[in-house]
1. Considering only segment 134-144, I want to know if a residue exists there that is over 18 Å from residue 30 (Cβ atoms) and open to solvent by 100 Å² or more (accessible area, probe 1.4 Å).
2. For segment 55-73, indicate whether the set of residues that are more than 18 Å from residue 157 (Cα to Cα), within 12 Å of the chain's Cα centre (by Cα) and of a type in the set (Phe, Trp, Tyr) is non-empty.
3. Please report, ordered by residue number, the helices (runs of 4 or more DSSP H) entirely within segment 1-120 with at least 2 residues that are modelled with pLDDT under 90 and surrounded by 11 or more Cβ atoms within 10 Å (Cβ to Cβ).
4. If I filter segment 121-133 down to residues being open to solvent by less than 60 Å² (accessible area, probe 1.4 Å) and assigned to a loop (DSSP other than H, G, I, E, B), which single residue comes out as farthest from residue 85 (Cα to Cα)?
5. Considering only residues that are under 17 Å from residue 20 (Cβ atoms) and among the polar types (S, T, N, Q), which ones fall in segment 38-65?
Amino acid sequence: MKASIRFRNATIADLELLRFWDEQPHVIASDPNDYWGWEEDLSTPQPFWREQLIAELEEEPVGFVQIIDPFHEESHYWGKVAKNLRAIDIWIGEKHNLGKGYGTQMMRMAIERCFGNPEITGIIIDPLISNTRAIKFYKKLGFRFKEYRTFENDECMVLELKRSN
């Protein structure tokens, strides 16, 4: 029987782990210009518009998922967006855990979590245009091309999974 992933809320106790994962070459390659304010995010209560989750396999952390409401998110990273969307960031922490299906399990769980709210109409993601592996992964899960967009210094392909898909 294949072991399954479970999510738990990230806490300040995860600070060093998340900092370590954030410095891994495969994580940097997927989002080289991103800055995570881990200490602040993890030491304050999560705002209503964000969930930061640690994915665990048999109680061992393997990855991170962030789900936000891009309409309410305070930095307005996504710019002007419709209500009732969610945006997901996801990564596997350590290279030896890549290619084992954990990301697929995590993403399916995140999608289910988002669409568990009947008001949510779609989920958006923004992989780098150069990250063809991630784009292929998301398309396999049903995400469709929405637009090319530059976020700060990153050339991205915005993909969307609509509830109707």
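1. yes
2. Yes, because at least one residue in segment 55-73 is more than 18 Å from residue 157 (Cα to Cα), within 12 Å of the chain's Cα centre (by Cα) and of a type in the set (Phe, Trp, Tyr).
3. 25-30, 38-43
4. Out of the qualifying residues, it is 131.
5. Answer for segment 38-65, where residues must be under 17 Å from residue 20 (Cβ atoms) and among the polar types (S, T, N, Q): just 52.
The values are calculated or read from the model by the stated rules, or taken from the named source; none is laboratory data. What you see is a predicted model; the values in this text were computed from it and never measured. Because the Cβ atoms are built from the backbone with ideal geometry, glycine has one as well, and the counts that use them run over all protein chains shown. Side chains are part of the model used for accessible areas, which takes the heavy atoms of the whole protein and leaves out ligands, DNA and RNA. Shrake-Rupley method; radii C 1.70, N 1.55, O 1.52, S 1.80 Å.
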